[in-house]
C-alpha cells in the first residue's frame with residue numbers, strides 16, 4: 001500500500017475546478033451550475049474565449065462586480081450580481097431554456113450527490129425531508145453536448161459518490177458524460193466509468209476501494225496534476 | 001314571391017366588407033385574411049381604435065403606402081406593402097402565431113368556399129388539382145375569440161356556399177362563429193345557422209332556397225342595410 | 001385604446017379569491033413589488049383576495065413581495081421551481097407546517113409550460129425530469145430513441161409583471177435580466193397587469209425594440225422608482 | 001471567437017448534397033438572396049449541392065432566390081406553407097411535372113415546429129389542421145374538451161438567414177418584418193449561416209436589443225447592400 005491519506009491528499013474544490021476548467025474549449029458556450037461549479041470560471045485558461053450562459057436569461061456574463069457596484073437587475077441563476085462581457089445578450093426564460101434543451105450549449109457542469117456508470121445523476125435532494133427545490137438542474141442535464149460533474153470523490157462521511165446505482169432521487173437519467181472528482185477524472189460511457197486520470201499518489205486498488213462502482217481502464221490512465229501554488 | 005333578383009340585388013364585396021366592419025369593436029385586435037377580408041379595414045367606423053395583426057410578424061399596421069413609397073421589408077401576409085400606425089411592434093413568426101393560436105386576437109375574418117352549420121370551414125382548396133397552398137388559414141381559424149367569414153352567398157354558378165356539410169377539403173372544424181354574406185348575416189351556434197339579418201328585399205323562402213342548409217330563427221331578424229352611396 | 005391605470009391599487013382591484021396569479025421575476029430581479037404590495041394592502045383591508053395560487057420561479061424571500069403575501073396568509077399554493085433559499089423562511093415555515101401547497105416544476109419546464117399556454121399549445125414533450133420523481137404519473141414517449149415526458153400548458157387568471165418602459169397600448173421593454181419570466185407570463189394569463197418604470201404617453205416605443213407587444217397586456221400602471229426585491233431583502237425591509 | 005466569413009461563397013462552401021436547408025424570409029422580405037445565389041453559383045460550377053430539401057414559407061418567386069434554385073435543378077423537395085402565388089412558376093412547373101416533392105405545412109405549425117427543434121421539444125400539440133387532410137396519419141388527442149394534432153419538431157442541417165446588423169460573435173438584429181422566420185431557423189439548424197447588412201467588428205450591439213443571440217449563429221458574412229427579393233421579382237431579374 002502507498003501512504004495515501006485520502007482526507008489530506010485529495011484535491012480541494014478549487015483544484016477540482018481548475019482541472020475541469022482545462023477542458024473548456026476556446027469558443028465554447030458553457031453553463032456552470034450554482035455553487036461549486038461556478039468556481040470553474042475563475043480558472044478559465046488564458047486566451048480562451050468562453051461565453052457563459054445563465055438560466056435567467058443572460059449570455060456572455062463576466063466577473064462579479066466590486067462590492068457596492070452591483071446592479072440587481074444583472075444577476076445570475078444563483079442570484080449573484082454579475083457584469084457583462086462585450087457581446088452579451090438578454091432574453092426571456094423560454095429562450096434561455098431553448099438554449100439548454102435545444103443542444104446549443106457545449107458544456108454544462110453540475111455538482112453531484114451521486115453519479116452512476118449509466119450516466120444517472122442525483123444532485124437535487126437527498127431525501128424526503130425539508131423543502132424540495134429543483135431549479136434548472138433537471139433541464140441542464142439535457143441538451144448540452146457534454147454534461148460534466150465536479151464533486152468530491154467521497155462524502156464527508158467517507159461514503160462513495162460514484163455508485164453502481166443512485167439511491168438518492170434522480171436529477172436525470174443517462175446524462176453525465178464526464179466526472180471530475182477530488183481523486184480522478186472519469187468518462188461515463190456505455191454504462192461504465194472509464195478512468196482517464198488519477199492522482200499519482202493513490203494506487204488503483206485504493207481508488208477502487210473508495211469508489212462504489214467498478215472502474216474501467218481503456219487506454220492510458222494519466223496523472224491528475226494541478227498547479228503547485230493552487231490550494 | 002317578391003321580385004328579388006339575386007344577381008342584381010345582392011350585396012357587393014365592398015358592401016359585405018362594410019357590414020363586417022361595423023362589428024369590429026373599438027380596442028380590438030383583428031386579423032383580416034388575404035384578399036377580400038382585407039377590404040374590411042377600409043370601412044372601419046370612425047373613432048374606433050383597432051389594431052391589425054398580420055401573420056408575418058407585425059401588429060398595428062396601417063394603410064398601404066403611396067406607390068413608389070413602399071419599403072418591401074414592411075409587408076403584410078399578402079405580401080402587400082403596408083405602413084405602421086403608432087404603437088406598432090415587430091416579432092418573429094412563432095410569436096406571431098402564438099398570438100393567433102393562443103387566443104389573443106379578438107377577431108379573425110376569412111373568406112370561404114363553403115361553411116357548414118357545425119362551424120366547419122372550407123376555404124383553402126377546391127380539389128386535388130394544381131398546386132396546393134395553405135398559408136396561415138388553418139392557424140387563423142383557431143384561437144381568435146371570434147372567427148368570421150365574409151363571402152358571397154352563392155358561387156358564380158349559383159350554388160350555395162352555406163351547406164349542410166362541406167364537400168371541399170376542410171380548413172378547420174367547428175371554428176366559424178359568424179358569416180357575412182351578400183344576402184344575410186348569420187351566427188353559427190350549436191350546429192345551426194341562426195339568421196340575424198337579411199336584405200329586406202329577399203323573402204325568407206327565397207333566402208332558404210339559395211342556402212344549402214336550414215336557416216334557423218332565434219329572435220328578431222333585422223334588415224341588412226348598407227350605406228346608399230356604397231357600391 | 002388606453003390601457004393606463006392610475007394606481008397600483010386600482011390595477012389589482014379585480015383579482016378575486018381563489019385566483020391563479022402569475023408573478024414575474026427571478027430571484028431579486030424583475031418582481032413587480034408594488035403590484036404585489038397593493039394586493040397585500042387589499043387583503044389586509046378587505047380579507048380578499050385569499051386562497052391564491054401563485055406561480056413564480058421562487059417562493060418569496062425576506063419579508064416583502066411574495067414572502068409577505070405568504071406570511072399574510074393569502075396564498076394557498078405555490079407553483080415554482082426553487083422555493084428553498086437562504087431567505088425563504090415565510091414559505092418554509094408554512095410548508096413544513098403543512099399550511100401551504102407546493103407544486104414543484106423544473107425551471108425550464110415551468111418557462112415552457114407558461115409559453116405554451118400563451119401560444120395555444122396544450123401539451124408538449126420535454127426530456128426534462130424523465131426518470132425522476134417529478135415525472136411520476138406523467139405520460140412518456142420515445143422520439144428518435146430518446147425518452148420524453150409530456151407536460152401541459154400552464155395558464156393563469158392574472159399575471160402581475162414588471163417592465164422598464166411601456167406605452168398606453170401596453171407595448172413593453174424590460175431592463176436587463178429583469179426580463180426573465182415577465183414576457184412569458186404576459187402571454188399566459190387571462191388578464192395581464194404590468195407596472196413599468198416609465199410609461200410613455202404617446203405610442204412611441206420603437207416597434208423593433210418592443211419585447212412584449214401590447215396585445216399581451218391588459219392594464220399598465222407607472223411605478224416610477226420601483227423597489228428592487230434584492231435590495232429590500234438585503235436591508236431586511238418588512239412589508 | 002470570430003464567426004466572420006469573408007465571402008458568401010465561402011459561407012456556403014460546405015453544404016453537401018442531400019442537405020436539409022432552411023432559408024429565412026417571407027414573401028419578398030428577409031430572404032438571404034446573396035447566400036442563395038452563392039449556393040447556385042457553386043451548383044453551376046461543381047454540380048453540388050444537389051437533391052436539397054428546402055424549408056421556407058414559400059417556394060420561390062420570379063427567377064431569383066429559391067425559384068432560381070428550383071429552376072437550376074438543385075431542389076428535391078420543398079417544405080412550405082404557401083408555394084402557390086402569382087410568380088411561382090418555377091415551382092409550379094416542376095411540381096405539376098412531378099419533378100419536385102412538396103411537404104405542405106400550415107404556416108403557424110411550420111413556425112412552431114422550427115421553434116420546437118431549436119428548443120429541444122420533439123413534439124407538441126396544436127389545434128391547427130385538426131380534422132383536415134393535412135392532419136391525416138398524425139396522432140390526435142383531446143385536451144380540455146378540444147381536439148389537437150401532434151406535430152414533430154423540424155430540424156435542418158443548415159439555415160441561411162438574413163439580418164440587419166450583426167457582430168463577430170453572431171449576435172443579430174433584423175429589419176422590420178424581415179424578421180419573420182429568420183430567428184427561428186437560426187435555432188433549428190445544425191449550422192446557421194447569416195448574412196447581415198452591417199457587420200460590426202466590435203461586440204457592440206446593445207445586449208437588450210439583440211434578437212438572435214450569437215449562440216444560434218455559426219457563420220456570419222457581411223452583404224452591405226443586399227438585394228430585396230420583392231424588387232428583384234417585380235423587375236423581372238433572372239439569376
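All of the numbers you see were taken from the coordinates with simple rules; none came from a lab. Because the structure is predicted, anything quoted here is derived from the model rather than measured. Glycine also receives a Cβ, built like all others from the backbone with ideal geometry; neighbour counts cover every protein chain displayed.
Observations, loosely collected:
- The protein assembly as shown - mean residue ellipticity at 222 nm from DSSP helices (-39,500 (n - 2.57) per run, n ≥ 4, rounded to 500): -5000 deg cm²/dmol
- Within 10 Å of each Cβ in C:83-94, the average number of Cβ atoms from other chains: 2
- All Cα-Cα separations within the range B:1-107 were binned at 5 Å from zero, giving a P(r) of 2, 11, 20, 21, 18, 11, 6, 4, 3, 2, 1, 0, each value a whole percent of the pairs.
- Shortest first, residue B:80 label-point distances to identical copies amount to 5.7 nm, with the label point at 7 Å from Cα along Cα→Cβ.
- More than 46 angstrom apart: percent of Cα pairs within the protein assembly as shown: 31
- Square roots of 5 times each gyration tensor eigenvalue, C-alpha, the range D:124-239, largest first, Å: 34, 20, 13
- Over the range C:185-232, the ratio between the Cα radius of gyration and 2.2 N^0.38 Å evaluates to 1.28.
- Taken over the range A:151-231, the percentage of Cα pairs per 10 Å bin, counting from 0 up to the bin with the maximum distance, is 16, 53, 26, 5.
- Cα-based radius of gyration of the range A:84-169 once divided by 2.2 N^0.38 Å, which approximates compact folds: 1.27
- Per-copy distances of the residue A:164 label point, shortest first, in nm (7 angstrom along Cα→Cβ): 7.1
- Backbone N under 18 Å from the residue B:49 label point (7 Å along Cα→Cβ), restricted to the range B:86-102: B:86-89
- One compactness figure for the range C:143-184 is 1.78, namely its Cα radius of gyration divided by 2.2 N^0.38 Å.
- Looking down the axis that turns chain D into chain C, the chain D residue with its beta carbon nearest that axis, and the gap rounded to whole angstrom, comes out as D:124, 2.
- Residues B:125, C:179, sorted so that the one with the fewest Cβ neighbours within 10 Å comes first: B:125, C:179
- Note on residue D:7/residue D:200: beta-carbon distance plugged into 1/(1 + (r/R0)^6) with R0 of 30 Å gives a FRET efficiency of 0.95.
- Exposure proxy for D:81, C:29, B:12: other Cβ atoms within 10 Å of each Cβ, ordered fewest to most, give B:12, D:81, C:29.
- For D:147-159, mean number of other protein chain Cβ atoms within 10 Å: 2
- For chain C, average projected area of the Cα convex hull in nm²: 13.6
- Modelled FRET efficiency - R0 45 Å, residue D:142 with residue D:44, Cβ distances, 0.05 increments: 0.30
- Taking all Cα-Cα distances within the range D:1-88, those exceeding 18 Å account for 38%.
- FRET efficiency estimate (nearest 0.05) - Cβ-Cβ, residue D:51 to residue B:128, R0 25 angstrom: 0.40
- P(r), alpha carbons of chain B - 10 Å bins starting at zero, rounded %: 8, 32, 35, 19, 5, 0
- Debye-sum result for the range A:97-231 in log10 I(q)/I(0), which assumes one identical scatterer on each alpha carbon, at q = 0.15, 0.16 Å⁻¹: -0.72, -0.81
- Look at where the Cα atoms of the range B:146-188 and of the range B:1-52 average out, and the two centres are 15 Å apart.
- Teacher prompt: residue D:138 distances to equivalent labels in other copies, 7 Å Cα→Cβ, nm: 2.3
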